[in-house]
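Report on one structure; see the data block that follows.
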Amino acid sequence: MGTASKNRRQHTFQYNLLLSIGTTFILFAVCFSIYQYRREKEYKIDIMHSRLQMYNYELAHELGENNMTNKALFDDFVNSHNLNGLRVTIIDTLGNVLLDSYESNLSQLDNHLERAEISRALVDGNGYDIKRTSESTHTTYFYSATRINNVIVRSAVPYSAELTRSLQADNSYLFFALALTILLGFVLYWTTHRISRHIGYLREFAVKAEEGSALDHELERKLPDDELGEISHTIIMLYWKLRHSEEERVRMKRQLTQNAAHELKTPAASIHGYLESILDNPNMDNEQRLHFLQRCFAQSERMNKLLQDMSMLTKLDEMDDKQSPSQQERREISIETIVHNVLDDTALQLQSRNITPKLDICQPSTLIADTYLIYSIFRNLIDNAIAYATGATQIKIVCQAVPNGNKHRYNIVVEDNGSGVSHEHLPHLFERFYRVDKGRSRKMGGTGLGLAIVKNAIAAHGGTVSAESAVNGGLSIRFDLSD
């Protein structure tokens, strides 16, 4: 039932497309044929009219301007140029018949001023009328009139079967047009069937996608090598990337949840153990109880820091929403001011580790950004150097401006001269909960999210970040920021 319904819908699309295009084409072909028929018929009439005009001019030339009404000369010319059934008439400009090759009693002839060919000849110099029956001979004629000075020469040919055939349009082109229409009809059918087939394929793909079927094999399907094939391939690739990115996001969220649970389990277990010891030993001396409480406080601080970092990552994951508060809170800030604020806040830690900051920041260094996120970038990088750059004596921060249209793009390097990081760890430093030395990191109170926050905060400002070994052996973090 479902397959029949699908085929019916596909045929309906093809039928509608074929009907709309075919109707337009047939209508055009019919209109063109009618136009061509009339045009050829007028051409045949013009030929007949031109022949009779030549006869009229020859009569006028033979008789001469002064003898146009001379009956003897008129009869001699008509008899010497005898054409089957030809009737010749001389008419003055008032419509009165002066001479006629068929009628000798001219008084019986009506005034010809209202005749179509006469009225046209008086205005345009010549005129014709098709298939009009003569009131005197009761014969149907083709009339052609020519004005010669003050008279009008009119010749008329009776409508015989031969004349009728000669004035008819040649219908051979109609057979050619019909054959061409049929041929183009087959081409149109093939084209619409092909389009319908590929649209049906896209519909089948959409149905499978909606049902959640596996679609990786769809990439291997043979597609046409044209724009329709490119569109189909692009749609499939976009869906494939979207689906896999969604799966990757779900995997990362699941991994984040698992890692967070694992990271929270250790301080939670420690707090539970210390508090249980205090409760189970009411006679514990005050010094040991204070030590246990201090350890509980330290572990709770670690849990609080971990929750804050996770909250920050969640906020950064939602930065794609243009209505998010992070987008609305952006304002003009100074990178130099932010760096100095971070150095002031970490001055005691830097002093205790004998680390001297060195700055090389361009002027100006302003951009439109989220103050808190830019602060967190530099704070996490400096905290990371303080905690893990063993033997470091210097942290160097370099900021260079690169023109970017009417604004600037800032290339920034944060580099220490410590022991550095092994090459195999460099590509993973910005992954969530990744630690070079897991045991040492936990002892230092790290959450494993600092550099992940740095990466996401930089990405939220249209930048990228990378880690490499510094020339002096330390760690060099390079990134860029723009409005």
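Suppose we filter Asp46, Asp76 for residues that are assigned to a helix (DSSP H, G or I) and open to solvent by 90 Å² or more (accessible area, probe 1.4 Å); which single one remains?
Asp76
So which residues in region 375-423 are in contact with a strand residue (DSSP E or B) (Cβ under 6 Å, 6 or more places away or on another chain) and part of a loop (DSSP other than H, G, I, E, B), if there are any at all?
Ala389, Ala392, Asn417, Gly420, Val421
Identify, by number, the condition in (1) touching a residue at least 12 places away in the same chain (Cβ under 8 Å); (2) open to solvent by 60 Å² or more (accessible area, probe 1.4 Å) that Asn82 doesn't meet.
With (1) touching a residue at least 12 places away in the same chain (Cβ under 8 Å); (2) open to solvent by 60 Å² or more (accessible area, probe 1.4 Å) applied to Asn82, the lone miss is (1).
Check His461 against each of (1) in contact with a strand residue (DSSP E or B) (Cβ under 6 Å, 6 or more places away or on another chain); (2) open to solvent by less than 10 Å² (accessible area, probe 1.4 Å); (3) at pLDDT 85 or above and name the one condition it does not meet.
Failing condition for His461: (3).
Can you name the residue in region 105-123 that is under 14 Å from Ser134 (Cβ atoms) and touching a Lys or Arg at 6+ places or on another chain (Cβ under 9 Å) and, of all such residues, is surrounded by the fewest Cβ atoms within 10 Å (Cβ to Cβ)?
Ala116
Does region 63-114 hold any residues that are among the basic types (Lys, Arg) and touching an Asp or Glu at 6+ places or on another chain (Cβ under 9 Å), and which are they?
Arg87
Might you check whether a residue that is of a type outside the set (Phe, Trp, Tyr), open to solvent by 60 Å² or more (accessible area, probe 1.4 Å) and within 30 Å of Ile34 (Cα to Cα) occurs anywhere in region 132-139?
yes
Looking at Glu162, is it assigned to a loop (DSSP other than H, G, I, E, B), modelled with pLDDT under 90, open to solvent by 50 Å² or more (accessible area, probe 1.4 Å) and not hydroxyl-bearing (Ser, Thr, Tyr)?
No, not satisfied.
Being within 30 Å of Ile368 (Cβ to Cβ) and at pLDDT below 85 narrows it down to one residue among Gln255, Gln327; which is it?
Only one candidate qualifies: Gln327.
The values are calculated or read from the model by the stated rules, or taken from the named source; none is laboratory data. Please read these numbers as outputs of a predicted model, since none were measured by experiment. Neighbour counts run over all protein chains shown; Cβ positions are idealised from the backbone, glycine included. Each accessible area value is taken on the protein alone, full model and side chains, heavy atoms only, with ligands, DNA and RNA left out. Shrake-Rupley method; radii C 1.70, N 1.55, O 1.52, S 1.80 Å.
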